Each structure stands twice: as C-alpha cells, then as structure tokens.
Amino acid sequence: MKLGNSASLTRVYNRSVVLDALRRNESLSRIELARLSGLTPQAIRVIVADLLEEGLVQQLGRRKGLRGQPQIEITINPGGGYALGFHIVDNWCHYLATNLAGKVIVEGGTIELPQDPSALKPHLYRIDREAAQAAGKSPRVGVGIAVSNLMAAGGLIEPHPENRAYTEEIRRHFGSDTWIENDANAAAMAETMFGRSKSAADFLYLFVGDGVGGAIVRGGELQRGHRGNAGEFGHVVVDPAGPTCHCGNRGCLYTYLSTAGLKPRSKQSADRDKATRSWVANAIPALRSAVVSLENAFDPERLIVGGTAPVELLKALVDGLDPLGPSIRSDAPERVEVSELGSTSALLGAVALPLLSLMSPSAAKLTKQSLTPAN
Ligand SMILES: [Zn+2]
C-alpha cells in the first residue's frame, strides 16, 4: 500500500505495520514496536491503544529479567478475529477457518461442487455458522478464495469460467470482504503467513499438483507482471525437443511435473511405486534445468516447492536435485526447499489472504475487488 494522502489511509497503513511486526515476533514492547516500525513512541501508543480497544492485540504481563523498568508485552490477540478460506480445485471445494494467530478453529472440510452453483448456498450457510460458532464472539475479518485456473485478461484477474459461478456464489454469501488469488499465489502467501520463511521477502514458489504454477514474491509482495499472469513456471521450456504441452510449446516444465498421470490407476502398490519412481526420475532433470533458469532470472532468496502433490513426492524430487548446475545463486547455502505446509498449502493461503491484508503492509496488492459484480 502506498502512503495515502488522507490521514485515514496513513492510519490504516501504520496499523498494518504494527500488526505485521507483532505477527512476525510473538510479542513486543511498545519501545520495540517503535524501533522496528520506525514510528514515533507517541504514534505507537495511539495505535496500540486503538488496537487494544478493537481487541486485535492484547497485553501480556511485564517482561521480567531485564534491566530497567520492565516493559509490557503486546501480542496479537488470537481471538480478535477469524478468517475463512476456500480452495476450489477440480470438482472440489475445500474449506478451513483460523483465528488471527493462524490457529485452525474449523478443521478443513470438503464439498463436492454441485452441478448447479446455487446449490452451494446451504453449504455456505452451514460453514458460515460453524465458523461463527467456533469463533465465539470474534468477528470475521474476511474470506479468501484460492482457485486453480485463475486468469488475468486486460488487467482484470478472474476465475476461469468453469469456476467463476462458484466463486461468485461465495462472494455473494460473504460480501465484499472476499479476496481471491490463483492457488499458486495463495500458497506463496501461506508461506509468508504460516511458513518457516514468515519473514522471507524474496522467494519464488513452485506449485506442483495436477497443474504446475508458481509465484514471485518480492519485498513480501506478489509480483504479477504486466497483465497479471507472471509466475507461470509450469510453461517454462526445459527441453525444446520434449513432449508437446497443451499450451502449444514443447518440453514445458508442466509436462514433467504434473502429477495428473500419477492418479492411482493400479491397485497394486508395486505398480504405483514404479510409477512414482519413474515420475521422480523424469521430473528431476527438468526441474534442475528450470531452477537454474529461474535463479538466473530472479535471484530469489530461495525457491520453495509446494502445492497439492504429496510431500513425500516433493521431498524425493528436491532431494534428487543435488547437484544443481551453476547459477548466480550457486553459493547460496540452500537454494531449493520443500514447503513444510503440506498439500493444503493453497487452502492455508486462502485463509492467509484476509489475515495478511489486515496484518501486512505489503499485502495491499492482494486481489480483493477483482471480480466484476455478479450478474
Ligand atoms: Zn506449456
């Protein structure tokens, strides 16, 4: 978010700076908040007082064992609000709710997408009720939707027509505080909210599932490119003589990394193991080549590999990358890592969207009102 001219925009921005510092550091004193945020102690006092009144933060006791006057610790109030997330992929809609601290309050559930999108309504009422009950008196801060096949055209980011009716139904139910991202972008945002690299600002995310996508995070913000489609790593060509891809090119990373071909066709576990081994063996050289190109193009702090693919599969893939060829990142201690968030990373990302838009100053570019009004 750019600093607005109006006082209220500045206020919103400063609040998110304070909340951001708190979510990255379990707890902080007002003095530490001032030092970390660059805001004056007076400004911090006013902002913290406001946040306390709204219940978004809480005061812990005074920290002991330090010299001088012990400082009162401020922390995010987990019960200060909750967020709901949906992930629409294939014929399924997964959902999950967490509190402000990111703790799950409604365990994930899955709905089979009904033929008629309006038949989603009773499910949404039920999920809404379930989450509100679990949250007690906490208000809902927003709803996030991660969807595969999100596309950008003419500067407008919108779901693929086959998913659009469902995302519209969700937005109609929950109102304007609804954010939407493609699943790779959402999964990357999950890393900044829930992942080990909470404070990592510059990384690439490779999303591996039936579809293969990616995200570019720079300074904590998603980089979208000129028309909003940046990060389509699945269609980076790794072998010009490789198999034909549905995009029309040959040898796209997608043709090696898509897990669509791994669906259990055989009940024999020996056959499945063989299929998995051959998928990994085929995918490793393709990913090696892509990693080097992506590193040379973006100089990221690291490349995080995640998505809906089973974690063991991703681990086997990443373990097999060694030795990676030279790039401008050759001297980095760890160039590629597997996300620790597991195969629900996109769903966690959906929840992260409203949380980050409240608690991160760099999340202002998350897509909120991108959907055109429902017809
Ligand atoms: Zn392709």
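The values are calculated or read from the model by the stated rules, or taken from the named source; none is laboratory data. Every value quoted in this text rests on a predicted model; they were computed, and no experiment measured them. Backbone-built Cβ (ideal geometry, glycine too); neighbour counts: all protein chains shown. Note: accessible area is taken over every heavy atom of the protein model, side chains too, but ligands, DNA and RNA are not part of it. Shrake-Rupley method; radii C 1.70, N 1.55, O 1.52, S 1.80 Å.
Results, tabulated for the structure shown:
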item: Hits in region 286-302 - residues which are touching a Gly at 6+ places or on another chain (Cβ under 9 Å) and either among the small types (Gly, Ala, Ser) or more than 16 Å from the ligand (Cβ to nearest atom) (or both); result: Ala286, Arg288, Ser289, Val291, Val292
item: Complete set of residues in region 298-312 that are in contact with a strand residue (DSSP E or B) (Cβ under 9 Å, 6 or more places away or on another chain) and free of Cβ contacts under 8 Å to residues at least 60 places away in the same chain; result: Val311
item: Test set (1) of a type in the set (A, V, I, L, M, F, W, C); (2) under 20 Å from Ala215 (Cβ atoms); (3) within 16 Å of the ligand (Cβ to nearest atom) - Val311 fails condition number; result: (3)
item: Pairs, first closer than 20 Å to Gly349 by Cβ in region 108-126, second open to solvent by 80 Å² or more (accessible area, probe 1.4 Å), C-beta under 8 Å, six or more apart; result: Thr110/Trp92; Ile111/Trp92; Leu113/Asn91; Leu113/Trp92
item: Filtered residues of region 260-285 (kept if closer than 25 Å to Val89 by Cα and either within 16 Å of the ligand (Cβ to nearest atom) or open to solvent by 60 Å² or more (accessible area, probe 1.4 Å) (or both)); result: Ala260, Gly261, Lys263, Pro264, Arg265, Lys267, Arg272, Ala283
item: Residue check, His235 within 16 Å of the ligand (Cβ to nearest atom) and open to solvent by less than 60 Å² (accessible area, probe 1.4 Å); result: yes
item: Subset of region 238-259 that is among the small types (Gly, Ala, Ser) and open to solvent by 50 Å² or more (accessible area, probe 1.4 Å) - its residue that is farthest from the ligand (Cβ to nearest atom); result: Ala241
item: Some residue of region 315-336 being modelled with pLDDT under 95, out of contact with any Pro (no Cβ under 6 Å at 6 or more places or on another chain) and not in a loop (DSSP other than H, G, I, E, B); result: no
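Residue-wise test of (1) buried (at least 20 other Cβ atoms within 10 Å of the Cβ); (2) part of a loop (DSSP other than H, G, I, E, B); (3) not β-branched (Val, Ile, Thr).
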| position | (1), (2), (3) |
| --- | --- |
| Tyr13 | no, no, yes |
| Leu51 | yes, no, yes |
| Thr75 | no, no, no |
| Leu96 | yes, no, yes |
| Ile105 | yes, no, no |
